[in-house]
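Chemist: The following block contains the structure, expressed as structure tokens.
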Amino acid sequence: MDKNTKKWIYLFLLSGIWGSSYILIKKGLVGLSPIQLACFRIIITSLILVFFGLRHVKNLSKDQWKWLSVTGFFGTFFPTFLFAYSETKIDSSVVAVLNGLTPLFTLFIAVLFFSYTFKKLQFLGVAVGLLGTVMLIYDEYSSKSFSNANYSLLVLIASLCYGFNVNILKYKLKGVSSIGIAIGNFLAITPPALILLLLSDFSWNTFYKEEDIITSLLFVFILASMGTALAKVMFNELVTISSPVFSVSTTYLLPIVAIGWGILDGESFGISKILSAFIILLGIYLITKKNLKT
């Protein structure tokens with residue numbers, strides 16, 4: 001399969017997988033706290049990836065391990081906790097749309113730290129994307145209490161983390177295999193996740209008697225195996241065979257999948273939110289337009 005065909009297949013598959021992740025997080029929070037959900041997600045993913053073999057990280061240099069640790073925290077650890085906490089107060093569909101700003105942050109970081117050339121059309125895209133974001137967040141503040149709506153800012157921080165991650169992957173970890181990056185990431189972040197889980201109030205002696213907890217753990221397992229382990233390897237491969245901005249173009253289709261799941265689950269996504277989402281996606285399109293062929 002040629003690279004061009006492969007990257008488009010990955011793009012659509014990742015959009016479907018990650019678009020479904022938000023509803024899985026929501027379901028996982030029924031029986032688990034945000035910290036517990038995030039920790040279990042990381043630990044389960046790590047076990048799945050290590051099962052494939054540590055041979056993929058045996059010959060890595062100290063410098064590569066340094067960047068693997070950085071991308072582990074920025075690309076997975078911090079966003080995993082931020083998304084879990086954000087969905088305790090705001091709808092999963094809104095979280096997905098706000099996370100669509102990842103290409104915007106990716107572009108900013110590429111320009112500021114990696115000598116990427118900023119195009120005029122991309123500048124317009126940034127302005128349009130920010131307008132849509134302001135509209136969506138304003139809608140959240142109008143429909144929810146101030147403290148609840150503030151949780152939307154956690155999603156923006158997570159998107160910023162993703163922006164750092166994808167640029168570091170592209171420019172600092174060339175030559176490392178996709179699964180090697182994924183395994184290295186999770187080897188770096190699993191110890192702190194394990195410590196946090198042990199310090200949480202998870203009922204180790206009685207959890208198997210609680211139906212909500214068992215059901216939530218099942219959703220987290222699906223989330224970890226598909227939405228994190230498999231998707232992580234696929235995304236790393238996508239970054240390798242395409243540009244950083246193209247890699248985060250999953251944000252075109254991802255919100256559609258997430259909104260669909262949210263509506264099926266009874267979430268409200270009215271005209272104002274649809275308009276805001278459309279404006280954000282238009283901005284992302286303008287930002288990535290010249291990069292879709294690279």
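Chemist: Please get the size of the charge dipole for the chain, origin at its Cα centre, with Cβ charges of +1 on Lys and Arg and -1 on Asp and Glu, quoted in debye to the nearest 20.
Modeler: Numbers: 23 positive and 13 negative charges, 271 e Å.
Here the chain has a charge dipole of around 1300 debye.
Chemist: What list do you get for THR228, THR117 if you sort them by fewest beta carbons within 10 Å? Mind dumping the intermediate values first?
Modeler: Working: THR228 25, THR117 7.
Ordered from fewest to most neighbouring Cβ atoms within 10 Å, THR228, THR117 come out as THR117, THR228.
Chemist: What whole-number distance in Å separates the alpha-carbon centres of segment 145-218 and segment 16-84?
Modeler: 5
Chemist: Given the convex hull of the Cα atoms of the chain, what is a quarter of its surface area in nm²?
Modeler: Answer in nm², one decimal: 15.4.
Chemist: Once every DSSP H run of n ≥ 4 in the chain is given -39500 (n - 2.57) and the sum is divided by its residues, what mean residue ellipticity at 222 nm do you get, rounded to the nearest 500 deg cm²/dmol? Each step should come with its number before you reach the end.
Modeler: Details: 15 runs with 210 residues, N = 294.
Helix contribution divided over all residues of the chain: -23000 deg cm²/dmol.
Chemist: Please compute, over every Cα-Cα pair in segment 41-156, the percentage with a separation greater than 25 angstrom.
Modeler: Details: 2862 of 6670 pairs.
It works out to 43 percent of all Cα pairs.
Chemist: Can you tell me the length gained on complete extension of the stretch LEU54 to LEU199, counting 0.36 nm per residue apart and subtracting the Cα distance?
Modeler: Details: separation 145, 0.36 × 145 = 52.20 nm, distance 2.80 nm.
So the extension gain works out to 49.4 nm.
Chemist: Find which of TRP18, VAL111, ILE42 sits farthest along the positive direction of the dipole of the chain, computed with +1 on the beta-carbon of Lys and Arg, -1 on that of Asp and Glu, about the Cα centre.
Modeler: Projecting each Cα onto the dipole axis, the largest value belongs to VAL111.
Chemist: Let me make sure I get this right: for segment 176-242, a, b and c are the square roots of the gyration tensor eigenvalues over alpha carbons, sorted descending. Under 1.5 in a/c it's rounded, otherwise prolate if a/b > b/c, else oblate. Which is it? Before the final figure, lay out the partial values.
Modeler: Numbers: a/c = 4.77, a/b = 1.94, b/c = 2.46.
Oblate.
Chemist: In the chain, with Lys and Arg counted as +1 and Asp and Glu as -1 at Cβ, which of these residues, SER216, VAL176, PRO192, has the Cα nearest the positive end of the dipole, that is, farthest along it?
Modeler: Toward the positive end, the furthest listed residue is VAL176.
Chemist: Counting only C-alpha contacts under 8 Å and six or more residues apart, can you give the relative contact order of segment 1-139 as a whole percent? Let's see the in-between values first.
Modeler: Values: 39 pairs, mean separation 41.6, N = 139.
This gives 30 percent for segment 1-139.
Chemist: With charges set only on the Cβ (+1 for Lys and Arg, -1 for Asp and Glu), what does the dipole of segment 2-109 come to about its Cα centre, in debye to the nearest 20? Please list the in-between numbers first.
Modeler: On the way: 11 positive and 4 negative charges, 67 e Å.
Taking the Cα centre of segment 2-109 as origin, the dipole is about 320 debye.
Chemist: Which far-off residues, 5 or more places away or on another chain, put their amide H under 5 Å from the one on TYR116, with H placed in the peptide plane?
Modeler: VAL111
Chemist: Given an 8 Å cut-off on Cα distances and at least 6 residues of separation, report the relative contact order of the chain as a percent. Write down the numbers at each step before the final one.
Modeler: On the way: 422 pairs, mean separation 122.9, N = 294.
Relative contact order here is 42 percent.
Chemist: At 27 Å minimum axial length over the Cα atoms and a Kyte-Doolittle cut of 0.5, report the qualifying DSSP H helices in the chain, or say none. Please report the intermediate quantities before stating the final value.
Modeler: Details: long enough: 3-28 (36 Å, 0.17); 120-143 (35 Å, 0.92); 152-172 (30 Å, 1.15); 178-199 (32 Å, 2.02).
Both cut-offs are met by 120-143, 152-172, 178-199.
None of the figures in this text is laboratory data; all of them are computed from the coordinates on show. Predicted, not measured: the structure shown is a model, and the values here were computed from it. So basically every Cβ, Gly included, is an ideal-geometry build from the backbone, and we count neighbours across all protein chains shown.
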